[in-house]
Each structure stands twice: as C-alpha cells, then as structure tokens.
Amino acid sequence: MSKKKDKFLKFDKISLFFEKNPYFSAIILGILAAIISSLIWFGLVVLTEWQVEIIAVLIGVLIGKAVLIGSGNKGGAYFQVISIILTVVSMFFSEYLISWFSSYKYYLEKGIGTLHLFLPLPTIAEMVKDSLYNNPLTLVFFGIAIWEAYKIPISMKKEPEKVIRKKDKSNN
C-alpha cells in the first residue's frame, strides 16, 4: 500500500472512532476549544491591557460549537451539560490567568519578586473572587456565555415535515 492510502486509512479509523464515541469526541473537542479560547482571551488582555468581557461570550460560543461538532451534530441534554461545565471551567481559568498576570506585573513593578503560576486552589479561587468583585459586569457576560454554551448543543433532530398533498383535480 502506498503511504497516501495508509494516511487515509488512519484518518478513516480515527473518524470512525469519533463517530462511534460522540461523548468522547465532544469532550475532546470541547476541551481543545476551552484551552484555545482561554488563551486567546488571556493573550488579548496581555497585549491590549484591556479586559474585554465580550470575549467571555465567545468562549461559550466556541465551546458550544465544538461540543456540537464533536457530538456529530446530534446535540442533546448531555452535550449541553458538557458544554456548560467546560465553559465555566474555561472562564474561571481565564479569569485566574488574567488576575495572576495583573498581580505578577504588580509584584515586578514593586520589586517584591515573582509570583508562581501554580498557586494553591484556595488562593486561585480568592483571586478570581476578588477579580469578579472588582468588576461585577464580568458576571453578566459569564452568564451570557453560559447561556450560549447551553443553547448551542441543543438537539439538532428536526421533526418530520408534514406533507400537504393537493387534491387531484381529475378525481373529484
């Protein structure tokens, strides 16, 4: 067999595996979307020094779409739960990275030293809580993002269309 055929066979096997395991593929694609969208939000804040909360909504949209694609466009309640959980974790992580960077920058400016990225979980939770307390509008955008993550993976099954038949004029 040629190398080209081998590559296609491997891709077909992977594709078939994901098709047979929609929950697994929805979780994997959702996690990838969560990581990428979190890093994009963090990167934009670092580059622009502005925390634009509308990006939080995009996190919910991207994760919702990724989970829907991973489900094979089937959607449904379980996929909605997966999407919501990944969105909440992603936004929490993003908010932590943004708070951490702000603190890190402050520590460097004051000559206090550095701040480790991996802090104890209670410290991380406190940093996120303080950040949300100082900017409560962020919670509104978090809510919108969670709503988007909820509504996008809704079941895509369509109800059968009703066929309306016209009376045949010749059979009156």
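The values are calculated or read from the model by the stated rules, or taken from the named source; none is laboratory data. Please read these numbers as outputs of a predicted model, since none were measured by experiment. For neighbour counting, all protein chains shown are included, and Cβ atoms are generated from backbone atoms with ideal geometry for every residue, glycine included.
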Check whether at least one residue in region 31-41 is under 14 Å from T138 (Cβ atoms) and surrounded by 14 or more Cβ atoms within 10 Å (Cβ to Cβ), and report yes or no. yes
Could you tell me whether region 3-22 includes any residue that is at pLDDT 80 or above, in a helix (DSSP H, G or I), surrounded by 15 or more Cβ atoms within 10 Å (Cβ to Cβ) and not basic (K, R)? yes
Evaluate the following for K65: is it under 28 Å from L16 (Cβ atoms) and in a loop (DSSP other than H, G, I, E, B)? no
Among (1) surrounded by fewer than 19 Cβ atoms within 10 Å (Cβ to Cβ); (2) modelled with pLDDT of 90 or more; (3) within 22 Å of L132 (Cα to Cα), which single condition is I63 missing? (1)
Hey, can you tell me all the residues within region 25-60 that are assigned to a helix (DSSP H, G or I), in contact (Cβ under 8 Å) with a residue 24 or more places away in the chain and over 15 Å from the mean Cα position of the chain (by Cα)? V45, V46
Under 9 Å between Cβ atoms, at least 6 apart or on separate chains: pull out the pairs that start in region 133-145 with a residue that is assigned to a loop (DSSP other than H, G, I, E, B) and end on any residue that is modelled with pLDDT under 90. N135/Q51; N135/E53
Any chance region 66-77 includes a residue that's surrounded by 14 or more Cβ atoms within 10 Å (Cβ to Cβ), in contact with a Gly (Cβ under 9 Å, 6 or more places away or on another chain), free of Cβ contacts under 8 Å to residues at least 12 places away in the same chain and closer than 22 Å to F142 by Cα? no
Restricting to region 118-146, what's the tally of residues that are touching a Ser or Thr at 6+ places or on another chain (Cβ under 8 Å) and not hydroxyl-bearing (S, T, Y)? 6
Residue within region 147-160 that is out of contact with any Asp or Glu (no Cβ under 9 Å at 6 or more places or on another chain), modelled with pLDDT under 85, under 30 Å from A26 (Cβ atoms) and of a type in the set (S, T, Y) present: yes
